[in-house]
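Report on one structure; see the data block that follows.
Each value in this text was obtained by applying a stated rule to the coordinates, not by laboratory testing. These numbers come from a predicted model, not from an experiment. Note: ideal-geometry Cβ built from the backbone for every residue, glycine included; neighbour counts use all protein chains shown.
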């Protein structure tokens, strides 16, 4: 049965690049009642030009009171996530929070309790869990095609000044830095499907981009059952590169993202005795469309959320073992 979303009122809070992307996706999948909220006149003007039909607000509390949304997309700086999500739940709205869930685990349990008490959905936006090539790699793992997983290596780097020319004035530059590149940590934990027992980290501001927060992060995770993960994150690499390597007892799966829309999967299994490579061409918005669709369908059909608060808390707890920024 085709689920229609025209009955839902959605509020998008934070109208920067990620806010505009979600607005585009929501419009494409059939959401017709959308409002935006941002304190920046520059961001509101960009939304006005791209989506002239969208209602715009400057004050979050006012937007909740006047628009009375069924769902709120929180796409603001990380430190604001928990308080804004709480306020949305108090106004009886379901909540989508762009990753990471928060910059701290303090207050997360209270948010989860409030959502349960009000019977409202909260989803965290780890969009790479919905990427076609990652899902294919995960299927290999789950089917036992490469045996028991021994090691997961994740690598992500991009040049912050190129991605965000105004980067020195951003939240990331002072507080979280490369720890914001949490997709790859989340993927390692998700694929391991085990509890993390020990965490070690080396991080700092090592490049010449001039940010106060760490621009390089290396994490080493020891899981409960003979599995280790190495994760590298940085904000200085040219060109942008993301890769994932899953090493099992009988084979290897390697995922490489050459661009946002092109990726490859190389698979070696002991039985076949040779490498098999697949190329993937996707649109960047495909994974956003799939995650937004899951969220809205969960609201309308009362389906469970796969990327829940509990899931998103796992990566926060790992980071807190090695890094606690002052905010």
- Rank the residues 225, 208 as a footprinting-exposure proxy: fewest other Cβ atoms within 10 Å of their Cβ go first. 208, 225
- Query: By count of other Cβ within 10 Å, fewest leading, how are 89, 56, 219 ordered?
  - Reply: 56, 89, 219
- Peptides 81-87, 270-276 ordered by average Cβ neighbours within 10 Å, highest first: 81-87, 270-276
- Task: Based on other C-beta atoms within 10 Å, arrange 54, 3, 255 from fewest to most.
- Result: 3, 54, 255
- Query: In the Gaussian network model of the chain, springs joining C-alpha atoms below 10 Å, which of 300, 111, 75 carries the largest mean-square fluctuation?
  - Reply: 300
- Message: Output the 0 to 90 degree angle, nearest 10, between the alpha-carbon long axis of helix 108-118 and the longest principal axis computed from the alpha carbons of the chain.
- Response: 50
- Would you please classify the overall shape of the stretch 206-321 from the alpha carbon gyration tensor, given that a ≥ b ≥ c denote the square roots of the eigenvalues, rounded means a/c under 1.5, and beyond that prolate means a/b larger than b/c while oblate covers the rest? rounded
- Would you work out the relative contact order for the chain, in percent, from Cα pairs under 8 angstrom that are 6 or more residues apart? 18
- Query: Which value in nm describes the separation of the simple spin-label points at residue 58 and residue 4, placed 7 Å from the Cα toward the beta carbon?
  - Reply: 3.7
- Message: Quick check: from the Cα gyration tensor, does the stretch 132-281 come out rounded (a/c under 1.5), prolate or oblate?
- Response: oblate
- What is the helix-to-structure angle for 132-142, meaning the angle in degrees between its Cα long axis and the longest Cα principal axis of the chain, kept from 0 to 90 and rounded to the nearest 10? 50
- Query: Expressed in nm to one decimal, what extension gain is obtained for the pair residue 166 and residue 317 from 0.36 nm per residue of sequence separation less their Cα-Cα distance?
  - Reply: 51.4 nm
- Task: For the stretch 66-157, divide the Cα radius of gyration by the Kirkwood radius and give the resulting Rg/Rh value with two decimals.
- Result: 1.10
- Message: Can you show me the helix-derived [θ] at 222 nm for the chain, built from DSSP H runs with n ≥ 4 at -39,500 (n - 2.57) apiece and divided by the number of residues, rounded to the nearest 500.
- Response: -10000 deg cm²/dmol
- Mean projected area, convex hull of alpha-carbon positions in the chain, reported to one decimal in nm², is 16.9
- Message: Quick check: the angle from helix 17-28's long axis to the longest principal axis of the chain, C-alpha only, nearest 10 degrees?
- Response: 80
